Amino acid sequence: MCTIHKEIIVLFTEKDKQAILKELQEKSEDDIISRPNLSKRLKPDDPLDYPKGDFNKDGNVDGEDFLLWQSTSGDGKEFLEWQTNYSTTFPVSYASNLAWEESMKMMAKVRLFESTNDRYFLDGIIKDIDHVLSLRDDRLGVRDEIRDKVLPAWSTGRFTGGKRYAWGVHQGMILMPISRVVYLIKRSPVLSLLYHDKYEQYLEEIDEVLDAMHDVLKVEDKSGKFLGYHEPPHSKQAGQKEMLTPFNMQNAMGRVYLNMWLATGDEFYRKMVVNFANIFLGACDDDGKGYLWIYWPHKHVLEDLGHASINMDFMYRCYLAGVVVGKGDMQNFASTINSCMTDKGSYARVDGSGEIAFKKHDYIFAPLAFFEPELFVTLMRHYINNEWSHTDLFGAYLIETCVEPSLETPLIG
C-alpha cells in the first residue's frame, strides 16, 4: 500500500465509508435509479412540451400516470387525455439534461459498483442505460436540424438558437458511464457471462454514436495533425469563424474512447485517446506550483473548475491506463486543484482566482487525493458540512478514493 493511500485511509475510516454507503443505498431507489426522477431534475426553463396525460412529466404516457391521476386528481377530462394519449412518448430527447444531470447520477452507481462489487448498483445502472438509449434521436424520430438528418445520438436546441444539434460533449458525457460498464463487464469472466448480451448491445450502440460525430473531427490537411472536434456549422451562420471546441468537450469524448480501448484492445481507440491527451497536455503550462491551462484553444481565458473536473477525470484515467499522462503530470494537476480548495469552497478558476463557493462538481477531484492527500481532507469537509443534489456522487467518489487504484490495461479477445 502506498504512503499516500495509507494517509487517506487514516482520514477516512471504515465507519465513515459504511455510513455513506448506507445513505446512498437508502436514497438510490428514489434518487439515482428510477426513471421518473429524470423529469424531476429537468430545469423549469427547459422548452419542454409534454404530451397530454403525462401527469408525472417523465416523457411517457403510461400506467404510472394513471396511478398518479387516480391518487391525486380523478378529473374526468384528464382521464380522457390519458386514455387518448396512452403509450405516447415525448418526441424530444433531453440531451443537455442527460449529459449534465443523469450521466453523473449514472456514474455514481458505476463508482459504487467498482468500489463495492455489489451488483445492486450494476443492475441499477443498466436500467438507466437502457432508458437513456431509448431516448436517442433515431429512436424518437428527432432530426438534427443543423446537420439536417436523424442521428443515432442525443440532440438539443438549447445552445443553437432553438435548432436541434447533437453536441459531441453531450454524447461524451452520456456515453461515459455506458462505456465504463462495457469495460467492467468485459474484464470480469462472471459478468461477461451474465451480461453478455448487454455488452454486445452497448458496444455496438456506442460505436454508432461515435461514428455519427466523425463529421466534426478536424485534421490539418498538410501535416495530418489531429486537432479534435470543432464548432458546429451554425457558428458560421452566426458570422463566426470555425473553431475547435473547448478542452472539456474534447476530453469528454476522450474518456469514452479510453473505455472502448480498455474493453476491446482496438488500436484505433487508443490512437484517439493519445490524440486527445496530447492536445490537452500540450496546452498546459507549468508555473512551478502546478499546471495551468486555458478553457478554449482559441480564447486565452483560464479554465473554470467546473469544466476542469472533466479534464482532470480524463487525465487521471489516462494515467491509470499508462497513456501519455505520467505521475509527474498528475502531481502537478493535483497541486493545482488543491491550491484552489478552501474549507469555505473552491475558487472559480484554476489559478485560484474568482469567487469562493461550494460547487457540486468538486467531488470529481477526489481521485487526485492519491497525489495530494490534503485535497481529500478538504473534500471530506465539504461533504460533511454541505448538502446539495449531487451529495450521492460526492459520497461515491470519496468511497472510491478509499480503494487503492490499480493500473488498467486493455482487454484482448
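We did not get these values from a lab; they are worked out from the coordinates using the rules stated. For clarity, every value in this text was computed on a predicted model and none was experimentally measured. As a convention, Cβ positions derive from the backbone with ideal geometry for all residues, glycine included, and neighbour counts pool all protein chains shown.
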Fill in the blank from the handout: Under the Karplus relation with 6.51, -1.76 and 1.60 and θ = phi - 60°, whole-Hz ³J(HN,Hα) for region 345-353, x at Gly and Pro, equal x, 10, 5, 6, 10, 5, 8, x, 9
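Under the 0.36 nm per residue contour assumption, what length would be gained going from the current alpha-carbon distance of D266 and F226 to full extension?
On the way: separation 40, 0.36 × 40 = 14.40 nm, distance 1.86 nm.
Between D266 and F226, full extension yields 12.5 nm more.
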Practice task
Enumerate the amide H contacts of I146 below 5 Å, restricted to partners 5 or more residues apart or on another chain; note that Pro and chain-start residues carry no placed amide H.
Solution key: R164
Fill in the blank from the handout: Descending packing, highest mean Cβ count within 10 Å first, for 344-353, 250-259, 104-113 is 250-259, 104-113, 344-353
Practice task
Search the structure for amide H atoms under 5 Å from the amide H of T342, placed 1.01 Å from N in the peptide plane, and list their residues when 5 or more places away or on another chain.
Solution key: Y347
Handout entry: Inter-part distance where region 336-353 and region 264-312 are each reduced to a Cα centre, Å
Key = 18 Å
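Report, to two decimal places, the Cα Rg of region 279-330 normalised by 2.2 N^0.38 Å (N = number of residues).
Working: Rg = 11.0 Å, N = 52, 2.2 N^0.38 = 9.9 Å.
Compared with the compact-globule rule of thumb, region 279-330 sits at 1.12.
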Problem - Rough spin-label spacing in nm, given labels placed 7 Å along Cα→Cβ, for D215 and H298 - result: 1.9 nm
Problem - Rough spin-label spacing in nm, given labels placed 7 Å along Cα→Cβ, for D130 and R381 - result: 4.5 nm
Fill in the blank from the handout: Diffing region 192-208: the Karplus 3J(HN,Hα) column from phi (6.51, -1.76, 1.60, θ = phi - 60°), in whole Hz with x for Gly and Pro, holds 4, 7, 6, 10, 4, 5, 5, 4, 5, 5, 5, 4, 5, 6, 5, 4, 4
Practice task
Please go through the residue pairs K218/K327; K186/K271; K109/K163; K127/K271; K198/K225; K52/K163 and name each one whose alpha carbons sit more than 28 Å apart in this structure.
Solution key: K218/K327; K109/K163; K127/K271; K198/K225
Practice task
Sticking to Cα atoms, compute the Rg of region 114-157 to one decimal and its Dmax as the biggest Cα-Cα distance, whole number, in Å.
Solution key: 14.9, 45
Practice task
Enumerate the calculated ³J(HN,Hα) couplings along region 171-181 in order (Karplus 6.51 cos²θ - 1.76 cosθ + 1.60, θ = phi - 60°), each rounded to whole Hz, writing x wherever the residue is Gly or Pro.
Solution key: 5, x, 5, 5, 7, 4, x, 5, 5, 5, 5
